[in-house]
Amino acid sequence: MKELRCDLHIVGGALTGLLTAYCVSSLGYKIVVTEREKITLHNKKPTTDTRTTAIAEGSKVFLESQGLWKSIKSFAEPIKNIKVFDSTANSNLDFKNPTTKSNLGYIVKNSKLISVLIKELKKKNNVDFITGSNLNSISYNNSRIISCSNNKKINSKLIIAADGKNSTVRKILRTNFFKKKYNEKALVINFFHEQPHNNIAYEIFLKTGPLAILPMQKERNRNQSTLIWSNKPDIVDKITSSSLDNNYLKEILNEQIYQLVGNVTYINSVQSFPLSAHINEKFYDNKTVYVGDAAHSIHPIAGQGWNLGLRDVKSITKLLKKTKEMKLEIGTKSFCKTYNDACYYDAYRLYEITDKLDWIFKKDQFYFKFLKKAGLNSINRNTVFKEKIVKFAMGI
Ligand SMILES: Cc1cc2nc3c(=O)[nH]c(=O)nc-3n(C[C@H](O)[C@H](O)[C@H](O)COP(=O)(O)OP(=O)(O)OC[C@H]3O[C@@H](n4cnc5c(N)ncnc54)[C@H](O)[C@@H]3O)c2cc1C
């Protein structure tokens, strides 16, 4: 089997792996990215994922600093206002951005994000992107780490594992992790509707789980939004089953979204995703660091999962830059631990916050309803606290 030598081997070529490769490539390292799926690199739709990502303002600033935002901007729909309803406590919250210069966030299709990243990476001559390559073993040789997949042997100084929540690298290296199972699935539906969304994002807390309606860019001059509804797996499976009539699905949506964007006129896509959350015991192992969902995955209740992964990318890029400037070795224990210390607390905090939010909003016993109503009302009256929540959501 042919052996490829490089400085960095990035395992996983989705949102986090591709972004890592792009950001780090400007530092001059020789990089190999391997991706299990067979992606056709010149395909305009490189993924079947129909989800969108809510990019927080703070993440947008980082993407801007890397010269990427100019290519993403034309696909991004701004969020200017967030409205939160709690159907069990019958109360609501309204978040606006305290400054008019920026937005609360941006909604971008995952397929667009991936194609922008692939297009930009193809321009880099120090990055090799190998698809259809499923990593299945790891060994060490002196100061190098060697991975084997079905079709390649890659010899590098450091593996950056970006291979998602069921990370193969984590399994092989036996890095421990903590996991929460939610017994929920997220239903993701992109749809056209009658009224303009006015760049408002809605988060509705239903007894069954949170339902978000997020503003998307118009398509063929038609108003478009995406709905993310966490619900019991059997209900989601019924909705996604091909036997369900489209008109019936439109009726279900119209009932759930209270005409917030007018009637649903057309269903563009329906997909579902099982929900779970995890956090690795540490974000490194021997000559390996974990980024994105390979390190942590969280409940999508606040749309922060990839934003958190992007902060890992920011940390590893900064550390690799500093290591290069100081002419130090990459992949040493101290290197990996420094990366871990920069990211772990931030991820742990969000892992816990999103988990507790989901738990509390599902409670509908009398005393919980009372507490939630009192809590939401006092937040709504307290502009300073509201501003703090907005800044937290914006990642600034
Ligand atoms: C319903 C839903 C909505 C969400 N909405 C938002 C949002 O609005 N905002 C936000 O910030 N986040 C959101 N998230 C979270 C976000 O989608 C994830 O955090 C993000 O997609 C993780 O990207 P990743 O590249 O780290 O992992 P993945 O997308 O899982 O990619 C891992 C890649 O590694 C590859 N791979 C796996 N094993 C191997 C192997 N052995 N060898 C080679 N390659 C391998 C896989 O094929 C895959 O391409 C949402 C999540 C869900 C479920």
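No value in this document is a laboratory result; all are computed from the given coordinates. This structure is a prediction, so every number in the text was calculated from the model and none was measured. Glycine also receives a Cβ, built like all others from the backbone with ideal geometry; neighbour counts cover every protein chain displayed.
Along the charge dipole of the chain, pointing to its positive end and built from +1/-1 on Cβ of Lys, Arg, Asp and Glu, which listed residue (Cys336, Asn103, Ile213) has its Cα farthest out?
The residue sitting farthest along the positive end of the dipole is Cys336.
Name the residue farthest towards the positive end of the dipole of segment 85-212 from the options Ala161, Phe178, His197, assuming +1 on Cβ of Lys and Arg, -1 on Cβ of Asp and Glu, about the Cα centre.
Ala161
Tell me, what is the Rg over Rh of segment 297-360, with Rh the Kirkwood radius over Cα pairs?
On the way: Rg = 14.6 Å, Rh = 13.0 Å.
Ratio of gyration radius to Kirkwood radius: 1.12.
Give me the dipole magnitude in Debye, nearest 20, for segment 97-172 about the Cα centre, with unit charges on the beta carbon: positive for Lys and Arg, negative for Asp and Glu. Provide the component values of the computation, followed by the final result.
Values: 14 positive and 3 negative charges, 22 e Å.
The calculated dipole for segment 97-172 is roughly 100 debye.
Rounded if a/c is under 1.5, else prolate if a/b beats b/c, else oblate: with a ≥ b ≥ c from the C-alpha gyration tensor eigenvalues square-rooted, which is segment 204-251? Show your work: numbers first, answer last.
Values: a/c = 2.81, a/b = 1.30, b/c = 2.16.
The shape class here is oblate.
Restricting to Cα atoms and excluding each atom paired with itself, what does the Kirkwood estimate give for segment 28-80 in Å?
Working: mean 1/r = 0.0718 Å⁻¹.
That comes to 13.9 Å for segment 28-80.
Could you give the semi-axes, largest first, of the ellipsoid that matches segment 274-325, computed as the square roots of 5 times the alpha carbon gyration tensor eigenvalues and rounded to whole Å? Spell out each step's value before the answer.
Working: eigenvalues 114, 38, 6 Å².
Listed largest to smallest, the semi-axes of segment 274-325 are 24, 14, 6 Å.
Give me the net charge for the shell around Thr332: Cβ to Cβ below 15 angstrom, other residues only, Lys and Arg +1, Asp and Glu -1.
On the way: positive: Arg144, Lys157, Lys287, Lys322, Lys324, Lys327, Lys333, Lys337; negative: Asp7, Asp285, Glu329, Asp341.
Value of the local net charge: +4.
Place a +1 charge on the Cβ of each Lys and Arg in segment 1-130 and a -1 charge on the Cβ of each Asp and Glu, then give the dipole magnitude about the Cα centre in debye, rounded to the nearest 20. Write out the running numbers ahead of the final one.
Working: 21 positive and 12 negative charges, 99 e Å.
The calculation lands at about 480 debye.
Rounded if a/c is under 1.5, else prolate if a/b is larger than b/c, else oblate: which is segment 75-202, with a ≥ b ≥ c the root eigenvalues of its Cα gyration tensor?
On the way: a/c = 2.77, a/b = 1.88, b/c = 1.47.
The shape class here is prolate.
Which lysines have a Cα lying under 16 Å from the Cα of Lys165, excluding residues fewer than 8 positions away in the same chain?
Of all the lysines, those that pass the test against Lys165 - Cα under 16 Å, at least 8 places apart if same chain - are Lys179, Lys180, Lys181, Lys185, Lys282.
Cα gyration tensor of segment 199-298, axes a ≥ b ≥ c as square roots of the eigenvalues: rounded (a/c below 1.5), prolate (a/b > b/c) or oblate? Please list the in-between numbers first.
Working: a/c = 2.39, a/b = 1.90, b/c = 1.26.
Taking the square roots of the gyration eigenvalues as a ≥ b ≥ c, segment 199-298 is prolate.
Roughly speaking, what is the centre-to-centre gap between segment 274-345 and segment 196-261 when only Cα atoms are used, to the nearest Å?
Between the Cα centre of segment 274-345 and that of segment 196-261, the gap is 33 Å.
Starting from the 7 Å offset along Cα-to-Cβ, what nm value, one decimal, do you get for the label separation of Lys83 and Cys148?
Going from the Lys83 label point to the Cys148 one covers 5.9 nm.
Run the helix sum for the chain: -39,500 (n - 2.57) per DSSP H stretch of 4+ residues, divided by residue count, reported at 222 nm to the nearest 500 deg cm²/dmol.
Details: 11 runs with 141 residues, N = 396.
Mean residue ellipticity, 222 nm, calculated: -11000 deg cm²/dmol.
Taking the 0 to 90 degree range and rounding to the nearest ten, how far is the long axis of helix 383-394 tilted relative to the main principal axis of the chain, both from C-alpha atoms?
Between the helix axis and the principal axis of the chain, the angle is about 40 degrees.
Could you give the dipole magnitude of the chain about its Cα centre, charging the beta-carbon of Lys and Arg +1 and that of Asp and Glu -1, in debye to the nearest 20? Could the numbers behind the result be given before it?
Values: 62 positive and 35 negative charges, 216 e Å.
With Lys and Arg at +1 and Asp and Glu at -1, about 1040 debye.
Using a Gaussian network model on the chain with a 10 Å cutoff between Cα atoms, which of Pro78, Pro233, Pro210 fluctuates the most?
Of the options given, Pro233 has the highest mean-square fluctuation.
Fewest first, what order do Arg349, Arg174 take by the number of other Cβ atoms within 10 Å?
Result, fewest neighbours first: Arg174, Arg349.
Stick to the Cα atoms of the chain, pair each with every other, and give me the Kirkwood hydrodynamic radius in Å at one decimal.
So the Kirkwood estimate lands at 22.1 Å.
So what's the angle, to the nearest 10 degrees on a 0 to 90 scale, between helix 110-122 and the longest Cα principal axis of the chain?
20
Taking θ as phi - 60°, what are the ³J(HN,Hα) couplings along segment 306-321 by the Karplus curve (6.51, -1.76, 1.60), each to the nearest whole Hz, with x for Gly and Pro?
Per-residue couplings from phi come out as 6, 4, 5, x, 5, 5, 5, 4, 4, 5, 5, 5, 4, 5, 5, 5 Hz.
How big is Rg to Rh over segment 141-227, alpha-carbon atoms, Rh as the Kirkwood inverse-mean-distance radius?
Numbers: Rg = 21.6 Å, Rh = 17.7 Å.
So for segment 141-227, dividing Rg by the Kirkwood Rh gives 1.22.
What do you get for the angle between helix 333-362 and the principal long axis of the chain? Use alpha-carbon atoms, 0 to 90 degrees, nearest ten.
Long axis of 333-362 versus the principal axis of the chain: about 20 degrees.
Using a cut-off of 20 Å between alpha-carbon atoms, which lysines can reach Lys112, once sequence neighbours fewer than 8 places away in the same chain are excluded?
Lys38, Lys44, Lys45, Lys60, Lys70, Lys73, Lys122, Lys123, Lys124, Lys218
Would you list Asp234, Asp341 from fewest to most Cβ contacts within 10 Å?
On the way: Asp234 9, Asp341 13.
By the 10 Å Cβ count, ascending, the order reads Asp234, Asp341.
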